[in-house]
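The values are calculated or read from the model by the stated rules, or taken from the named source; none is laboratory data. Just so it is clear, the structure is predicted and the values come from calculations on it, not from any experiment. Quick reminder, even Gly has a Cβ in these numbers, built from the backbone with ideal geometry, and neighbours come from all protein chains shown. Calculation scope for accessible area: heavy atoms of the full protein, side chains included, ligands and nucleic acids excluded. Shrake-Rupley method; radii C 1.70, N 1.55, O 1.52, S 1.80 Å.
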Amino acid sequence: MAKDNLDRLKRLRAWVQNYDWGRCGTEAQVARLLALNSGAEIKPDRPYAEFWMGTHDSGPSFLADGNGEGVNVGLKDWIWKNPNVLGNKVLEKWGPDLPFLFKVLSVAKALSIQAHPDKELAKELHKLKPNLYKDANHKPEMALAITEFRALCGFITLEELKGVLVDVPEIVELVGTASAKQVLDIGKQDGAEKVKYALRSVFTQLMSASKDMAMKATSNLKSRLHVESQLRCLTEKERLVLHLEKQYPGDIGVISAFFFNYVKLNPGEALYLGANEPHAYLSGECIECMATSDNVVRAGLTPKHRDIQTLCSMLTYKQGYPDILKGFPLSQYITRYLPPFEEFEVDRCILPKGASAVFPAIPGPSIFLVFLGKGTLRSGPREDVVKEGDVLFAPSNTEIIIASPTSELQLYRAGVNSGFIHAAL
């Protein structure tokens, strides 16, 4: 492409998913961004769950009008025809497509208890059930909180699990005393494999409970906690479980929440999830980035298809609280979040009025989202005005200078993990 860097910067029209757990109408940041990005009318009673920026076939971005490439040109098609925009190392590793998918999430009620398969399992599931598992890729991901963001993530420790089995009789009723005793009898001398086996056994028993058993157990749990709340303060997890029961009455996922870590992210904190790790986002709004995939194996807190056998067999059954990323300063106004995955990283840039920042040229592609405010973006000799809702694709080896002459400017950048970029040089 014989064009200078500014001509190669492409404004994008993003895609929105209206899943029923999304925030409704203008309460959702996703809705605000959609209206600003494409001029779409926002319906007050409609949920706006996810704002997608990337090339995945389930929600592809298109080049915005005025890019000089024709009408309704998909970003995926444009990259396919101009693969050099990815840079040689990215092209060699992943072929002529973006390896990451960039999103904003507006969560009003809990998403399903789920996990994402590794590459080997993803290929197998896609081959066996292509209508459910839409691609053959893995889906490591990271959520970066915009507001306070709550999630269930990973299994609690062995000692915490023993406490749950003692304090929550409804679980023992569902899994049986033998499975519960397997966990309660584990001592310090027992190895990690025995712990993993016992956890897997008791969790599988729980998730495999019949619908009638789950309804009865959640009803009993709800009644017991209401009585006990008159005598003592309920724990934070107990209050959460009652909240989930209102959203998904009788769902086995309500009781399974006792098995998971309850994570609360403050704005600017991030959580990352590898393959085969159980989680459920609960509430709040976040920036999300992941490998380009939409594979989800679900087992609870959902009206959608459940694949309990697959989920219970695929999990790693690691225990303990997840790592929380607070990011590290790339420069005065830019914070980088670097998960242990090759496909992606995220930068958060908050510019006060009158400030500027530089995103150096790197040998890989980027997508920029202007989240709040208005400013200027310079690449090469020309300068362009950018404002909230704008989404731009930047090819490899493109230096970007952002300035905010009249107001604070907040933007996010997704790109290929710099660890991979540097290792590949």
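Roll a 1.4 Å probe over the protein chains and send me the accessible area per residue for the chain in Å².
Numbers: 18150 Å² over 425 residues.
Result: 43 Å² of accessible area for each residue.
Divide by every residue of the chain the summed helix terms, -39500 (n - 2.57) for each DSSP H run of at least 4, and state the resulting mean residue ellipticity at 222 nm, rounded to the nearest 500 deg cm²/dmol.
-8500 deg cm²/dmol
Legend: calculated FRET efficiency, residue 353 to residue 220, from the Cβ-Cβ distance at R0 = 60 Å, rounded to 0.05, equals 0.55. Note on the chain: with neighbouring protein chains present and a 1.4 Å probe, carbon and sulfur make up 52 percent of its accessible heavy-atom surface. Taking the longest Cα principal axis of the chain as reference, the axis of helix 119-128 is set at about 80 degrees.
What is the packing order of peptides 302-308, 126-132, 187-193, taking the mean over residues of other C-beta atoms within 10 Å and listing the highest first? Mind dumping the intermediate values first?
On the way: 302-308: 16.1, 126-132: 12.0, 187-193: 8.3.
My ranking of the peptides, most packed first, is 302-308, 126-132, 187-193.
Largest to smallest in accessible area, the residues 213, 53 fall in the order 213, 53 (1.4 Å probe, all protein chains included).
Quick one: divide the alpha-carbon radius of gyration of the stretch 295-411 by 2.2 N^0.38 Å and tell me what you get. Don't skip to the answer; put the middle values down first.
Values: Rg = 19.3 Å, N = 117, 2.2 N^0.38 = 13.4 Å.
Expressed relative to 2.2 N^0.38 Å, the Cα Rg reads 1.44.
Between the helical axis of 29-38 and the longest alpha-carbon principal axis of the chain there is an angle of about 30 degrees.
Expected output is a single nm value to one decimal: the length gained when fully extending between residue 18 and residue 190, i.e. 0.36 nm times separation in residues minus the C-alpha distance. What is it? Could you put the intermediate results ahead of the total?
Numbers: separation 172, 0.36 × 172 = 61.92 nm, distance 4.73 nm.
Gain on extension, residue 18 to residue 190, equals 57.2 nm.
Restricting to Cα pairs below 8 Å that are 6+ residues apart, what does the relative contact order work out to for the chain? Please round to a whole percent.
Contact order relative to length: 22 percent.
Measuring nothing but how far apart in sequence close Cα pairs (under 8 Å, 6+ apart) lie, relative to its length, the stretch 284-425 scores a relative contact order of 25 percent. The three principal axes of the Cα atoms in the chain give end-to-end lengths of 72, 43, 40 Å, sorted in falling order. The stretch 51-129 and the stretch 280-357 have Cα centres lying 16 Å from one another. Angle between the Cα long axis of helix 158-167 and the longest principal axis of the chain, 0 to 90 degrees, nearest 10? With rounding to tens, the tilt is 50 degrees.
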